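Here is the structure we will look at.
The values are calculated or read from the model by the stated rules, or taken from the named source; none is laboratory data. Given the structure is predicted, the values throughout are model-derived calculations rather than measurements. Heads up, the Cβs are rebuilt from the backbone with ideal geometry, glycines too, and the neighbour counts pull from every protein chain shown. Heads up: the accessible areas ignore ligands, DNA and RNA and are worked out on the full protein's heavy atoms, side chains in. Shrake-Rupley method; radii C 1.70, N 1.55, O 1.52, S 1.80 Å.
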Amino acid sequence: MFVHSNQMLVTENIRIHVSKELLGIWRDKRQLDKNSHEAFGVLIGSQSECESEFWLETCTLPQSQDSATRTSFNLRASQHQIVVDSYYESSKGTLGYVGTWHTHPEQSPIPSHVDIADWRKCIERNPDRALLFVIIGQLDMCIFRESKGTFNCIYKERIDG
């Protein structure tokens, strides 16, 4: 379900609000050209105490020390952490790290074994919060969340419009 002022996705008793700015970034970063590299970053937003509602406000973009190919990327956490810390401070603690995002050069993205392994490490490093993981394909956006050791696509939406 889309609400145009602030995209709201509802699934499995989870509400995910995605800002128009963030959807615009994801549409622009899709790997539509055969030579384009993966785009990626961390998600900045907030969540309810019961972890049933998320607000995805913005994200980081690839930084100068990061690297990427058509099918892989290497995110160097220190530069992205500086951006997250800045949002945290300016929002007086309401905005922070809520997961990661990246693109795939396929129409409807499916997480790779590398994605799953990385997501598990993110969860291990952040045991104090629930995290979301977004993959942007050429046509579809998929949001994943871990539940009982398995990563499930909790929301899928056409993003090519």
- Query: Just for the range 66-81: of the residues that are in a loop (DSSP other than H, G, I, E, B) and hydroxyl-bearing (Ser, Thr, Tyr), which one is surrounded by the fewest Cβ atoms within 10 Å (Cβ to Cβ)?
  - Reply: 69
- Screening 157, 146 for residues that are in contact with a strand residue (DSSP E or B) (Cβ under 6 Å, 6 or more places away or on another chain), among the acidic types (Asp, Glu) and either touching a residue at least 60 places away in the same chain (Cβ under 8 Å) or open to solvent by 60 Å² or more (accessible area, probe 1.4 Å) (or both) leaves only 157
- Item | Number of positions in the range 10-36 that are closer than 17 Å to residue 157 by Cβ and either small (Gly, Ala, Ser) or outside any loop (DSSP other than H, G, I, E, B) (or both) | 18
- Message: Suppose we keep only residues that are in a loop (DSSP other than H, G, I, E, B) and modelled with pLDDT of 95 or more within the range 37-65. Which one would you say is surrounded by the fewest Cβ atoms within 10 Å (Cβ to Cβ)?
- Response: 61
- Query: List pairs: first in the range 48-65 and free of Cβ contacts under 8 Å to residues at least 12 places away in the same chain, second charged (D, E, K, R) and assigned to a loop (DSSP other than H, G, I, E, B), Cβ under 7 Å, 6+ apart or cross-chain?
  - Reply: none
- Item | Complete set of residues in the range 82-118 that are in a helix (DSSP H, G or I), open to solvent by 90 Å² or more (accessible area, probe 1.4 Å) and touching a residue at least 12 places away in the same chain (Cβ under 8 Å) | 114
